[in-house]
Amino acid sequence: MLTSILHQVNLIWNWAKFFPENRIFCQNWQLVYVNNDHCPGKLKLYIGCGIMTEENNINKAHEIRISPEDEKYYTACAQYIMERNEEHFFAVTRMTVDNYNLLFSILEDKLERFSNRRPIGSETRLAVTVIFLANDCNVQVLALVYNIGISTVRKVISETCDDIWNGLHPVFMLPPNKREFKIIAKEFYANTSLPNCLGVLGAKDIRIASSHNSKTTISVILLIICDANYVFTHVHVCALSNDIEGGILAQSEFGQKILDDSLDIPCNEKLPGSRTIFPYYFVADRTFPLRENVMRPFPGNNLTQGKEIFNSMLSNAQEIIENAFGILSNRWKILHTKANISPEMAEKYILATVALHNFLMIKNDNNYFTSELVDHRIGDRKILGKWREEHSFLPTYTSTSTFRSSSEAFSLREELKEYFLNNLN
């Protein structure tokens, strides 16, 4: 029924088709279009919650009547959906209506295309791509719903992912300057009692099906640095490689600056409540090398009390990036795709989702991020975040590289260990 009526009223061009009758990619929405015999030339648009049918849920649906020939038809449908069904709008787009409108206004110029033929509209380009990234939609289904060729849908998604990254990252993912690094360090100290911490390093192994052989997988490594508020300050996507000194960190320009100590970070400062002058540093796990500006846990079992305390303190910071990854993978299902895609396309998808994540976190989208979504505490009791319940895990990348650390790096780790041992209650 849906397909025939969509063709009758030419409804697939704009926002009304944002929530199609499609159980493959959206279990939260279904539209039922019904001819209105009492109003010739009119259309009833029933918008209902859940998987519904005309027979059993029609009385629970909202109804609007408007002529498809009216030039304001598509705008009215979009406005109706956004104003009255924000909960379900979020379920499909992962953002509030206000933030979606803001996103479109930021990207509108980049989304616009010019062609001798009628180009696909900017709104449609953004809608198709956001739905695809949020729900890991079947491309054939999107092509059917939007009445666009399959190859065109793929091209639209590829181009729009580039537009999202290029439009958002200069504003929402600029590398921090010295002043901003100091703010990040203060927030880490307030949240974790870690002094002089500039961020947490983390890497995930995103496995995709080979575009040449669906039975094999390819690893794409996502390197992230995040602040104390689950906002990413650096991202790098690359193919798996363990033969580079410095490991995954050496494959990004920002990471290389960390390794050769050329990053523009604040000068060494006293640790709180101490006379010890200590450098600013990043927290990392054993995937990354120990450096003067990268602190990683002590290895081994049966550790001394001081080493146990040190590892516990770093673990508090590492929990932040684990939850940041959890938010990202929970909200953007494309990161769990089983589709056959090339590493180049995987990079486009990943960068677009990271940029959207930062945009929504910085704009304080209260639906995108809730305290219940991440690990949190109620009194002395730790509550695991909901992202864990929904199995939104991305495999952690484990490096097989061997690292050479300087004696100065080992000495600084010992110094920070002693500080924790002597200054924490």
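The values are calculated or read from the model by the stated rules, or taken from the named source; none is laboratory data. The model shown is predicted, which means the values in this text are computed figures rather than measured ones. Please note: Cβ atoms are built from the backbone with ideal geometry, for glycine as well, and neighbour counts cover all protein chains shown.
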Kindly indicate the residue of segment 78-111 that is hydroxyl-bearing (S, T, Y) and modelled with pLDDT of 80 or more and also surrounded by the most Cβ atoms within 10 Å (Cβ to Cβ) among those meeting that condition.
-> T93
Residue count, segment 102-139 (criterion: part of a helix (DSSP H, G or I) and in contact (Cβ under 8 Å) with a residue 12 or more places away in the chain) | 23
Under 8 Å by Cβ, and 6 or more places apart or on different chains, what pairs join a residue from segment 403-419 that is farther than 16 Å from A250 by Cβ with one that is in a helix (DSSP H, G or I) and among the hydrophobic types (A, V, I, L, M, F, W, C)?
-> R413/F310; L416/F310; K417/I309; K417/F310
Search segment 263-283 for residues being among the β-branched types (V, I, T) and in a loop (DSSP other than H, G, I, E, B), and hand back the single one that is nearest to the chain's Cα centre (by Cα).
-> I265
Which listed residue, of K307, K333, is among the basic types (K, R), in contact with a helix residue (DSSP H, G or I) (Cβ under 7 Å, 6 or more places away or on another chain), surrounded by 18 or more Cβ atoms within 10 Å (Cβ to Cβ) and within 19 Å of F393 (Cα to Cα) | K333
How many residues, within segment 132-178, are modelled with pLDDT under 90 and under 23 Å from S105 (Cβ atoms)?
-> 1
Qualifying positions in segment 378-402 - over 17 Å from the mean Cα position of the chain (by Cα), without any contact (Cβ under 8 Å) to a residue 24 or more places away in the chain and farther than 18 Å from I321 by Cβ | I378, G379, D380, R381, I383, E389, T402
Test: residue in segment 284-294 that is part of a loop (DSSP other than H, G, I, E, B) and basic (K, R) = yes
Can you name the residue in segment 317-330 that is closer than 18 Å to Y368 by Cβ and aliphatic (A, V, I, L, M) and is also surrounded by the fewest Cβ atoms within 10 Å (Cβ to Cβ) among such residues?
-> I327
Does segment 395-407 contain any residue that is surrounded by fewer than 17 Cβ atoms within 10 Å (Cβ to Cβ) and at pLDDT 85 or above?
-> yes
